[in-house]
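The values are calculated or read from the model by the stated rules, or taken from the named source; none is laboratory data. Please read these numbers as outputs of a predicted model, since none were measured by experiment. Ideal geometry is used to build each Cβ from the backbone, glycine not excepted, and the neighbour counts take in all protein chains shown. Ligands, DNA and RNA are excluded from the accessible area calculation, which covers all protein heavy atoms including side chains. Shrake-Rupley method; radii C 1.70, N 1.55, O 1.52, S 1.80 Å.
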Amino acid sequence: MDNSSWQHRELICLILYALVFYVIVICRSLHLSHDHYGTLYGLRPGWIGGWYNDVSDAQWRNFRTNLPILTVVFGIFTMVANIMRAFYHLEAKGMSIVWLLISLAYLLYLHGACIIFVLFIAVVNFLLVKIFGKKKYFPFVLWGFNISVLICNRVFEGYRFSSIGQHWAYLDNFRGSFRWHICFNFVTLRQISFGYDYHWACCSSRLDQKKHIQSCRKCSSGQKCFLLLQERNLQNNNFSLAVYLCYLIYAPLYIAGPVLSFNAFASQLDTPQKNYSLREVAWYGLRWVFSLLLMELMTHLFYYNAFAISGLWKQLSPMDVFIIGYGVLNFMWLKFSLIWRYFRFWSLISGIEVPENMPKCINNCYNLNTFWKSWHASFNKWLVRYMYIPLGGSQRKLLNVWVIFTFVAIWHDLEWKLLSWAWLTCVFFVPEMIVKSAATSFQAPSAFGEFVFRELSALAGAITITCLMVANLVGYVIGPSGMNWLISQFLRKEGLPTLGGMFLTFYVGTKLMFHIRDAKQRKD
């Protein structure tokens with residue numbers, strides 16, 4: 001039997017297994033939601049079929065509640081900005097003023113008087129960049145200042161005006177509708193990006209532009225790819241205070257990103273993005289609406305997050321715990337996907353292209369490297385550009401991963417469960433990197449050797465997915481204290497069959513991902 005015939009039969013078996021798995025998961029999820037809805041927190045009367053709606057996740061609840069007003073506001077913002085650009089033929093300097101004024105009005109509504117804190121920290125960072133940006137030790141100044149601000153913002157919960165002086169205390173009554181120090185996490189990333197891009201523009205070029213244009217299909221056709229926009233050095237007049245502040249508080253990306261480098265932003269202020277046509281942007285928005293409807297259907301039928309919030313999952317069987325955990329991770333993926341793509345959609349309409357977060361489904365990632373490139377993809381690009389490469393890149397990979405994930409945890413919040421998530425991820429990452437390095441030097445000498453290598457890779461993928469699931473549940477659901485309970489549930493006699501079935505399912509899922517990968521390679 002030839003290899004293609006065997007792979008075809010294997011694919012049919014894998015698809016059948018996957019169908020049976022999802023039928024079981026869906027049926028059991030429906031039963032769990034129906035049997036326990038009376039004791040779950042965060043359920044509200046829904047609009048689909050008289051079912052309750054799971055709005056127990058605060059982030060999703062706030063976004064969903066404010067979606068109508070957000071859409072109206074961003075519709076007005078983008079219309080005003082695009083009309084001003086077209087009518088007055090504005091370029092980078094002019095558009096930065098327009099978007100700065102729009103974004104300041106937006107921040108005034110969000111943060112009220114606390115906009116003073118945002119602007120004060122931003123101006124101090126700007127002055128530090130301009131004073132020390134040409135020095136060799138500048139990265140230490142930049143990181144020291146921004147990490148200190150990040151930690152202080154969290155420790156002091158956004159500060160109080162009364163701590164400055166009692167005659168300022170009345171401003172504490174006008175703190176807006178959204179906590180400014182939560183949004184400032186993204187501003188911190190932009191401040192660091194501005195500092196590094198200015199530093200590199202003053203010191204040396206990181207990109208051979210002529211060579212890149214010759215080798216890049218998009219750039220050689222007259223367009224500008226995102227890599228060129230990000231990596232080429234800008235002229236000094238682009239590093240003005242107006243463009244800098246516009247970049248920090250640019251309304252469509254201010255709350256949640258995606259993350260964009262200063263170079264890429266400033267380049268597109270001058271010349272709006274042309275990589276996406278109006279038709280493609282409209283289709284992007286329509287796909288988002290379909291995803292929103294899918295989320296509504298999911299939260300009306302399956303109360304995964306409510307189980308996690310209520311703590312009721314501790315009373316369930318190991319099989320049900322696995323289903324709830326798996327459901328929570330899929331809910332998180334869809335939630336973040338909807339939030340990030342919504343703001344990216346408005347940014348595209350405004351002429352600013354940003355990297356796509358979550359370009360791959362969570363169920364199509366069988367190693368940690370692929371998962372993190374596909375989850376918060378724009379943040380991953382930021383980490384590679386401003387942390388991984390300056391720290392030494394692949395030459396110090398085993399050390400860099402600990403520094404980077406610790407920063408990621410602190411950036412999210414000052415919580416032990418997030419540090420536990422970060423360090424657990426690093427523990428799981430190191431063996432994968434070692435195996436991957438060994439695998440790249442391995443050449444399958446025969447069809448049998450290729451078969452063995454593929455099977456071992458599938459087993460490794462199943463282990464990785466299991467570890468990834470545990471790390472994310474510890475970091476975002478159960479915390480470090482729940483880890484011992486989770487392990488004990490699956491290692492006892494009643495949990496071993498579930499553990500075996502879970503591992504088999506992840507093995508089958510990894511094999512399916514291999515087939516998807518091979519199909520894409522053949523298409524390319």
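For residues that are open to solvent by 100 Å² or more (accessible area, probe 1.4 Å) and hydrophobic (A, V, I, L, M, F, W, C), scanning just region 84-107, find the one that is nearest to S240 (Cα to Cα).
Keep residues of region 84-107 that are open to solvent by 100 Å² or more (accessible area, probe 1.4 Å), which gives 87-89, 91, 93, 101.
Right, trim to hydrophobic (A, V, I, L, M, F, W, C) and you get 87, 101.
Working: F87: 24, L101: 16 Å.
Top of the filtered list is L101.
Does L19 fit the bill of being surrounded by 11 or more Cβ atoms within 10 Å (Cβ to Cβ) and among the hydrophobic types (A, V, I, L, M, F, W, C)?
Working: surrounded by 11 or more Cβ atoms within 10 Å (Cβ to Cβ): no; among the hydrophobic types (A, V, I, L, M, F, W, C): yes.
So L19 fails the test.
How many residues, within region 22-44, are touching a Leu at 6+ places or on another chain (Cβ under 7 Å) and either open to solvent by 40 Å² or more (accessible area, probe 1.4 Å) or under 19 Å from M502 (Cα atoms) (or both)? Break it down into steps so the answer makes sense when it comes.
Within region 22-44, the first condition is being touching a Leu at 6+ places or on another chain (Cβ under 7 Å), and the residues that meet it are 30, 33, 36-37, 39-40.
Next, only the ones that are either open to solvent by 40 Å² or more (accessible area, probe 1.4 Å) or under 19 Å from M502 (Cα atoms) (or both) stay: 30, 36-37, 39.
Result for region 22-44: 4.
Restricting attention to region 120-129, does a residue exist that is open to solvent by 10 Å² or more (accessible area, probe 1.4 Å) and of a type outside the set (A, V, I, L, M, F, W, C)? Lay out the reasoning, then the answer.
Step one: filter region 120-129 for residues open to solvent by 10 Å² or more (accessible area, probe 1.4 Å), giving 120-121, 123-124, 126-128.
Remaining after also requiring of a type outside the set (A, V, I, L, M, F, W, C): none.
No; the residues of region 120-129 include none that is open to solvent by 10 Å² or more (accessible area, probe 1.4 Å) and of a type outside the set (A, V, I, L, M, F, W, C).
Being open to solvent by 20 Å² or more (accessible area, probe 1.4 Å), at pLDDT below 80 and of a type in the set (A, V, I, L, M) narrows it down to one of V403, V435, so name that one.
V435
Could you grab me the full set of residues in region 276-286 that are surrounded by 12 or more Cβ atoms within 10 Å (Cβ to Cβ) and of a type outside the set (A, V, I, L, M, F, W, C)?
If the condition is that a residue be surrounded by 12 or more Cβ atoms within 10 Å (Cβ to Cβ) and of a type outside the set (A, V, I, L, M, F, W, C), then Y276, Y284, G285 are the ones that fit.
Of (1) outside any helix (DSSP H, G or I); (2) among the hydrophobic types (A, V, I, L, M, F, W, C); (3) buried (at least 17 other Cβ atoms within 10 Å of the Cβ), I48 satisfies all except one. Which?
It is condition (3) that I48 fails.
Taking the condition assigned to a loop (DSSP other than H, G, I, E, B), under 30 Å from F194 (Cβ atoms) and open to solvent by less than 10 Å² (accessible area, probe 1.4 Å), does L260 pass? Talk me through it step by step, then tell me what you get.
Details: assigned to a loop (DSSP other than H, G, I, E, B): yes; under 30 Å from F194 (Cβ atoms): yes; open to solvent by less than 10 Å² (accessible area, probe 1.4 Å): yes.
When the stated conditions are applied, L260 passes them.
Exactly one condition in (1) small (G, A, S); (2) in contact (Cβ under 8 Å) with a residue 60 or more places away in the chain; (3) surrounded by 15 or more Cβ atoms within 10 Å (Cβ to Cβ) is false for S317; which is it?
With respect to (1) small (G, A, S); (2) in contact (Cβ under 8 Å) with a residue 60 or more places away in the chain; (3) surrounded by 15 or more Cβ atoms within 10 Å (Cβ to Cβ), S317 is out only on (3).
If the Cβ limit is 6 Å and pairs must be 6+ apart or interchain, which residue in region 354-371 that is farther than 17 Å from L456 by Cβ pairs with which residue that is assigned to a loop (DSSP other than H, G, I, E, B)?
Here the result reads V354/P258; V354/L260; P355/P258; N357/P258; N357/H376; F371/C365, each pair linking region 354-371 to a residue that is assigned to a loop (DSSP other than H, G, I, E, B).
Of the residues F290, F265, F307, F331, which single one is assigned to a helix (DSSP H, G or I), more than 30 Å from T188 (Cα to Cα), modelled with pLDDT under 95 and aromatic (F, W, Y)?
Answer to the check: F307.
State yes or no: is G75 open to solvent by less than 80 Å² (accessible area, probe 1.4 Å) and outside any helix (DSSP H, G or I)?
On the way: open to solvent by less than 80 Å² (accessible area, probe 1.4 Å): yes; outside any helix (DSSP H, G or I): no.
When the stated conditions are applied, G75 does not pass them.
How many residues are assigned to a helix (DSSP H, G or I), touching a Lys or Arg at 6+ places or on another chain (Cβ under 7 Å) and at pLDDT below 70 when one looks only at region 184-224?
1
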